[in-house]
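See below for the structure under consideration.
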Amino acid sequence: MALLRILKLPIVITVMALVQCQAAENVLYRNLIGEGGATLRLETGAIGKPYLADKSIIINNLYGKNIVCKNGQAAVTLSPHTIKNGKVFIDDLTADSCEAGAIVAAGFLSAKKEQRDKKGNAINGHTYGYFDANSVISNLKVIYGTNAQLRPSRRPFVPCAQRNLISTHKNPDQESYTGPTIAGIIYFAKGGTRTDRGFYTVKTPGLELKNFPLVNGKMENKEFVASTKEFLTGCDKN
């Protein structure tokens, strides 16, 4: 029987990620609290071509418990790039004034690295990555705030009435802007069936959104943001 490693880390202030995991199996991350950036970033694919020779270099049976993000990007991010990952189970998360509670990115191939052709088809032995469909991000509490770190490409998701909360200058990381929480989950992988194009489904039971602005009793922000087609335009119109 495989052993489960338990990793306990202290409270740390960070800009990019408190933990950035490229490959792991039978690992538990517990009691992680990060300020700024993502607290638990599960982003595979940096190993590049070695993966073509050994496809066992993945994330699988990874567990997380009590993961907290403050004034950052997200409590957990999933970004598989070119790797076909196994299951992850992350439970009891809190994102307080973060871009989103969780970010679930689709698989990605780079044309510059000769991983795909101009039509987006995988080449040279590469494939679009994903996480196993049995993966779960459960009991995620997303608390709206205005000190989140927003990527420039995600500012168009901010409701028009909240655009004035976005800073006009970049943060010290020279990438992000300070602004309001965008949504419960940024879910670009949403699709579920086209794993050959990097889409996959993660179960999200127990998602709770708190303190989000209401207009006529309805929340302005979305529970999920799944596509750039959801950009909000016309905010400068009277």
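The values are calculated or read from the model by the stated rules, or taken from the named source; none is laboratory data. Remember, it's a predicted structure, so these values are computed and weren't measured experimentally. Neighbour counts run over all protein chains shown; Cβ positions are idealised from the backbone, glycine included. Note: accessible area is taken over every heavy atom of the protein model, side chains too, but ligands, DNA and RNA are not part of it. Shrake-Rupley method; radii C 1.70, N 1.55, O 1.52, S 1.80 Å.
Please specify each residue of segment 115-145 satisfying the condition of being open to solvent by less than 60 Å² (accessible area, probe 1.4 Å), over 15 Å from the mean Cα position of the chain (by Cα) and under 18 Å from K70 (Cβ atoms).
I143, Y144, G145
Which of the numbered conditions does I123 fail, given that it passes all the others? Conditions: (1) touching a Leu at 6+ places or on another chain (Cβ under 8 Å); (2) over 30 Å from K210 (Cβ atoms); (3) hydrophobic (A, V, I, L, M, F, W, C).
(1)
State whether the residues of segment 89-106 include one that is open to solvent by 50 Å² or more (accessible area, probe 1.4 Å) and not in a strand (DSSP E or B).
Checking segment 89-106: not a single residue is open to solvent by 50 Å² or more (accessible area, probe 1.4 Å) and not in a strand (DSSP E or B).
With the checklist (1) at pLDDT 90 or above; (2) out of contact with any Gly (no Cβ under 7 Å at 6 or more places or on another chain); (3) open to solvent by less than 50 Å² (accessible area, probe 1.4 Å); (4) within 25 Å of Y128 (Cβ to Cβ) in hand, flag the one item K203 doesn't pass.
Unmet condition: (3).
From the list R163, R154, pick out the single residue that is open to solvent by less than 60 Å² (accessible area, probe 1.4 Å) and either among the aromatic types (F, W, Y) or in a helix (DSSP H, G or I) (or both).
The conditions single out R154.
Please go through segment 31-45 and pick out each residue that is in contact with a Gly (Cβ under 7 Å, 6 or more places away or on another chain) and open to solvent by 10 Å² or more (accessible area, probe 1.4 Å).
Within segment 31-45, E35, G45 meet the criteria.
So, of the residues in segment 210-236 that are open to solvent by 50 Å² or more (accessible area, probe 1.4 Å), part of a strand (DSSP E or B) and not basic (K, R), which turns out to be farthest from F131 (Cα to Cα)?
The selected residue is V215.
Of the numbered conditions (1) in contact with a helix residue (DSSP H, G or I) (Cβ under 9 Å, 6 or more places away or on another chain); (2) modelled with pLDDT of 95 or more; (3) hydroxyl-bearing (S, T, Y), T127 fails exactly one; give the number of that condition.
Checking T127 against (1) in contact with a helix residue (DSSP H, G or I) (Cβ under 9 Å, 6 or more places away or on another chain); (2) modelled with pLDDT of 95 or more; (3) hydroxyl-bearing (S, T, Y), the one that fails is (2).
Among all residue pairs at least 6 apart or on different chains, which show Cβ distances below 6 Å where the first residue, located in segment 15-30, is within 19 Å of L150 (Cα to Cα) and small (G, A, S) and the second is buried (at least 19 other Cβ atoms within 10 Å of the Cβ) and at pLDDT 90 or above?
Note: pairs meeting the criteria are A17/G37; A17/A38; A17/R41.
Which condition number does T228 fail, the rest of (1) at pLDDT 95 or above; (2) among the β-branched types (V, I, T); (3) touching a Phe, Trp or Tyr at 6+ places or on another chain (Cβ under 9 Å) being met?
Status for T228: all satisfied but (1).
Take segment 166-176 and flag every residue that is among the β-branched types (V, I, T) and open to solvent by 50 Å² or more (accessible area, probe 1.4 Å).
T168
Determine the pairs where a residue that is more than 17 Å from G72 (Cα to Cα), located within segment 86-114, has a partner that is assigned to a loop (DSSP other than H, G, I, E, B) and among the basic types (K, R) with Cβ atoms under 8 Å apart, the partner being 6 or more residues away or on another chain.
A111/K118
For segment 127-143, give me each residue that is in contact with a strand residue (DSSP E or B) (Cβ under 7 Å, 6 or more places away or on another chain) and part of a loop (DSSP other than H, G, I, E, B).
Listed by number, the residues that qualify are T127, Y128, G129, F131, S135.
Take the residues in segment 46-72 that are in contact (Cβ under 8 Å) with a residue 12 or more places away in the chain and in a loop (DSSP other than H, G, I, E, B), then tell me which one is most open to solvent (accessible area, probe 1.4 Å).
Here the answer is K55.
When the residues of segment 1-45 are filtered to those that are part of a loop (DSSP other than H, G, I, E, B) and farther than 18 Å from C69 by Cβ, which remaining residue is modelled with the lowest pLDDT?
It comes out as M1.
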